[in-house]
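The values are calculated or read from the model by the stated rules, or taken from the named source; none is laboratory data. Since the model is a prediction, treat every value here as computed from it, not as a measurement. Positions of Cβ are generated from backbone atoms using ideal geometry, with glycine treated the same way; all protein chains shown enter the neighbour counts. Ligands, DNA and RNA are stripped out before the accessible areas are found, and what is left, the full protein with its side chains, is counted by its heavy atoms. Shrake-Rupley method; radii C 1.70, N 1.55, O 1.52, S 1.80 Å.
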Amino acid sequence: MNIRLLHSDLPGFIIRKNRAIEKVFLLAVLISAVMAPFVEVNYDLTEYLPDTVQSRQGLNIMEDTFGYPGTARVMIKDVTLYEAKAYKDRLEKVDGVDQILWLDTGTNVFSGEGFIDYNSIDEYYKDNCAVMDVTFEEGDTSKKTSRAIDEMKEITGDKGYYVGMAVQDKSVAKNVQQEMQTILVIGVAMIFLVLCVTTNSWVEPFLYLTVMGVAVVINKGTNIFLGEISFLTDSVSAVLQLAVSMDYSIFLIHAFTRYKKAGMEQTEALRSAINEALNSIFASSLTTIVGFLVLVFMRFSIGFDMGIVLAKGIVCSLLTVVLFMPAMILRLAKWMDKTAHRPFMPEFDRASRGIFRMRYVVLAVVAVLTLPAYTAQGMNSYMYGNDAVGAGEGTEVYADEQEIDKIFGRSNMMMALVPSGDNVKEREFADEISDLPYTRSVLSLSQTLPEGVPESFLPESLTGLLHDESGWSRILIYVRSKGESEKAFQYSDEIQSIMKEYYPEESYLVGATPSTQDIKSTITEDYSRVNTMSLIGVFLVVMFSFRSVLIPVIAMIPIEVAIFINMAVPYIAGDTMIFMGYIIVSSIQLGATVDYAILTTNNYIACRKTLDKKEAAVETLKRSIPSILTSGSILTIVGYILYHISSIAAIGDMGHLIGRGAILSMLLVCTLMPALLVLGDRILMNNELERFRLFLKRRREKKRQQLKQAFARRKGADREDDDHER
């Protein structure tokens, strides 16, 4: 009762209070705009690991005892040994630099050339190039570390080349800020052009973008209540919110325009439009919200981060369209009339009839492709960790990495965290790791400390880096590998196996590679759970919206096939995917594009009330294609803008998957749905859930009658017994 009352009173309340609503939203936008810059952005994926995995446990202990210092690798080109030593001394004095590991710890660089064995120092100096491993006082994302990197680059000038997590995080932060501004500007411009083509007034595109802009700003500002969000969420949430929720404002304005053309007065037309659009908007938004919210249940908690922000964005868009947009329509209605123009979109009559004639061919092609696509999408090669979000080709970090690797090969740092107190055992462990063929170097206090010499003889900067009074030792291990590769995983497993032989009870290996291994095991477990929950959630929303079991099946088939094909393309092309993008985009594509199938089904059911199956299917396509093209092209454009502009691999990959997924969803909904709807026509037009409900009602009524009759018979029998006794 209350829901119906609210539904009937809401349009009147919105229209009566439109000026007050405008002021409330204006205030919300101003407050949100002030809060948005204070939302912290995190660039470290290891922060999202659950506390139950070994690398996260090790990181927690290390952060509590030693801190978790940022690291970098610096190559200085065209220098002599003496000049390299001078650079090293200057770099080590930079505020924020804790220590620089180079060959001068074991080689006297001031000796004459005849006294230096250059083959023994080629890990750190060769071809007139010196490479050094830098440890900072604070973490990779610290502002102090960022300033230290800037100062170091000033010292080395053109001779310096920089890689490592600290350098990568700094580059990613800088590139994301610059690129997302460009992406947002280009995205808004392209969406504006799409709206100019698909609307019937020159003012309407401005209206749409204003309303969506308000929703985006409010969503960004309210992120402050989360405290911190990931850079992936921060990067894509605004453009995805803009692309995914544009439908809601289109639903409302189309209904308003239609009622005005029918001869209604402006206020009554808006009242009727709000009433009509509410059902479509709520059904549409609910599937998208469910698609996003299931990410919250990922153990790798970046899913919680992204799921909450994206779902909250859809809620903000929903409230803005339902409450704020009617006020804007009343304010701009005269200008919309004055700037009206003829429709630019065709009628799609011939295209609709052609698609209907080809429906069984499409059905056969999809049936043939589905199984291979499903198989192929499960055979992709993936990346999982921080390397997956690193700066891509065309960036300075990428170019520097190629230059350093060309001369010195790769260097990957891991840190063994073991109990202190037994220097003999620690030295034996460090020596065994040093003897491994892929180890570049090992730095431990037990190796550095001459036998019989107390720790107090060594500088505090070194002892504080490697030993802690709480009972832990840290051993720095540099291996010749990338941070993420099969070789790196193999080396990590072997080092952990050796470590457990020496320290079986309590020891941890941390670093990019062990963390990536734990991310891989965590996120792959997440996929099946999130995918299942997403399917069930969307199925239930559609089922209860239509009160039908068949309709959600029909609606989800083309979207799921589109997802299979979308994710199979990288396997066919031989590309490596970022698994995080794979799992997130699967949920986004299902939640955001199932609306196309719902819209088509809605239109078919409406058309079948007056038309036969064939004409209803053709008319359905004519009604649905313009809306699907408008929404789908916006999502496609946003995806491909992310793909082509972002130098960050994870963002570009997500954009590519979103853009291609939107195209495939549009194509399959428009071509496959007519066949599915016609095949399921008999059940569609005889609502099976409603029929089942009526069946149960009749059965209950029959049971009630039987009980009533039985009670009457029993009562009559008792009366006969009484008469007999008398």
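Sort 213-226, 565-578, 367-380 by the packing proxy (mean of other Cβ within 10 Å over each peptide's residues), most packed first.
213-226, 565-578, 367-380
What does the extension gain come out to for LYS153 and LYS425, with contour length at 0.36 nm per residue minus their alpha carbon separation?
Fully extending the segment from LYS153 to LYS425 adds 93.9 nm.
If you take every residue apart from SER352 with its C-beta less than 13 Å away from the C-beta of SER352, what net charge results, scoring Lys and Arg +1 and Asp and Glu -1?
Around SER352, the surrounding residues sum to +3.
Pull up all non-local amide H partners of ILE648: gap of 5 or more, or a different chain, and H-to-H distance under 5 Å with H placed in the peptide plane.
Excluding prolines and chain starts, which carry no amide H, the hits are GLY392.
Give me the tail of P(r) for region 589-629 as a percent: Cα-Cα pairs with distance above 14 Å.
44
With every protein chain left in place, what is the accessible area per residue of the chain in square angstrom, probe 1.4 Å?
With the other protein chains kept in place, the chain gives 46 Å² per residue.
Quick one: what does P(r) look like for region 197-249 with 10 Å bins over all Cα pairs, in whole %?
21, 47, 23, 9, 1
If you fit an axis through the alpha-carbon atoms of helix 325-338 and take the longest principal axis of the Cα set of the chain, what angle between them do you get, 0 to 90°, nearest 10?
Approximately 70 degrees, to the nearest 10.
What does the convex hull of the alpha-carbon atoms of region 610-666 project to on average, in nm²?
Directional mean of the projected Cα hull area for region 610-666 stands at 4.1 nm².
Rounded to the nearest 0.05, what FRET efficiency do GLU505 and SER434 have when you use their Cβ-Cβ distance and R0 = 22 Å?
According to the calculation, E is roughly 0.40.
Give the long-range amide H neighbours of MET577: residues separated by 5 or more places, or on another chain, with amide H under 5 Å away, using H modelled in the peptide plane at 1.01 Å from N.
So MET577 has HN proximity to SER381, TYR382, MET383.
Rank TYR208, SER146, ILE433 by how far each Cα sits towards the positive end of the charge dipole of the chain (+1 on Lys, Arg Cβ; -1 on Asp, Glu Cβ) and give me just the farthest.
The residue sitting most towards the positive pole is TYR208.
Against the longest alpha carbon principal axis of the chain, how many degrees, from 0 to 90 and to the nearest 10, is the axis of helix 246-261 turned?
30
Using alpha carbons only, how many degrees (0 to 90, rounded to 10) separate the axis of helix 550-573 from the longest principal axis of the chain?
Taking the Cα atoms of the chain, the angle to 550-573 is about 30 degrees.
In region 317-425, which GluC sites (Glu not before Pro) are in a loop and have at most 16 other Cβ atoms within 10 Å, using DSSP for the loop call?
Within region 317-425, the qualifying GluC sites (Glu not before Pro) (loop, at most 16 other Cβ atoms within 10 Å) are GLU347, GLU393.
Which whole-angstrom value gives the distance between the alpha carbon centres of region 507-557 and region 642-676?
Centre-to-centre (Cα) distance: 19 Å.
Sequence neighbours fewer than 8 away in the same chain don't count; with that in mind, list the lysines whose C-alpha is under 17 Å from LYS482.
Excluding near neighbours in sequence, the set is LYS406, LYS520.
Return the sequence-ordered ³J(HN,Hα) values of region 624-641 in whole Hz as given by the Karplus equation 6.51 cos²θ - 1.76 cosθ + 1.60 applied to θ = phi - 60°, using x for Gly and Pro.
Once θ is set to phi - 60°, the couplings for region 624-641 become 8, 4, x, 5, 5, 5, 4, 5, x, 5, 5, 5, 4, 4, 4, x, 6, 5 Hz.
Could you rank the peptides 628-634, 178-184, 133-139, 539-545 by their average count of other C-beta atoms within 10 Å per residue, with the highest value first?
Highest to lowest by the protection proxy: 628-634, 133-139, 539-545, 178-184.
Going through the cross-link list LYS144/LYS220; LYS220/LYS334; LYS174/LYS220; LYS260/LYS614, which pairs have a Cα-Cα distance over 23 Å in this structure?
LYS144/LYS220; LYS220/LYS334; LYS260/LYS614
If you wrap a convex hull around the alpha carbons of region 232-278, what volume per residue comes out, as a whole number of Å³?
So the per-residue Cα hull volume is 66 Å³.
Find, to one decimal place in angstroms, the Kirkwood hydrodynamic radius of region 464-557, where the mean of 1/r is taken over every pair of different Cα atoms and then inverted.
17.4
Under 10 Å from the Cβ of SER631, count the other residues' Cβ atoms, weight Lys and Arg +1, Asp and Glu -1, and hand me the total.
My count for the surroundings of SER631 gives -2.
I need the phi-derived Karplus couplings for region 339-344: 6.51 cos²θ - 1.76 cosθ + 1.60, θ = phi - 60°, integer Hz, Gly and Pro marked x.
After applying 6.51 cos²θ - 1.76 cosθ + 1.60, I find 9, 5, 9, 5, x, 8 Hz.
Across region 198-214, in residue order, what do the Karplus-derived ³J(HN,Hα) couplings come to in whole Hz, using 6.51 cos²θ - 1.76 cosθ + 1.60 with θ = phi - 60° and x for Gly and Pro?
Calculated HN-Hα couplings, in order: 9, 9, 10, 8, 6, 7, 3, x, 5, 5, 4, 5, 5, 4, 5, x, 4 Hz.
Restricting attention to region 233-293, which GluC sites (Glu not before Pro) occupy a DSSP loop and are surrounded by at most 11 other Cβ atoms within 10 Å?
Those satisfying the criteria are GLU265.
Measure off, as a whole percent, the carbon and sulfur share of the 1.4 Å-probe accessible area of the chain, all protein chains present.
That share works out to 57 percent.
Given 0.36 nm per residue, what is the gain on full extension from LEU193 to LEU10 after removing their alpha carbon distance, in nm?
Between LEU193 and LEU10, full extension yields 62.6 nm more.
All other residues with a Cβ under 13 Å from the Cβ of VAL216 taken together, and with Lys, Arg as +1 and Asp, Glu as -1, what is their net charge?
So the environment of VAL216 carries a net charge of +1.
In terms of Cα to Cα distance under 25 Å, which lysines are near enough to LYS703, apart from those fewer than 8 places away along the same chain?
Correct list for LYS703: LYS715.
List the residues whose amide H sits under 5 Å from the amide H of GLY164, counting only those 5 or more places along or on another chain, with H placed 1.01 Å from N in the peptide plane.
When sequence neighbours closer than 5 places are left aside, the close amide H contacts are ARG73.
With r as the distance between the Cβ atoms of ASN686 and PHE544 and R0 = 22 Å, compute the FRET efficiency 1/(1 + (r/R0)^6) and round to 0.05.
0.75
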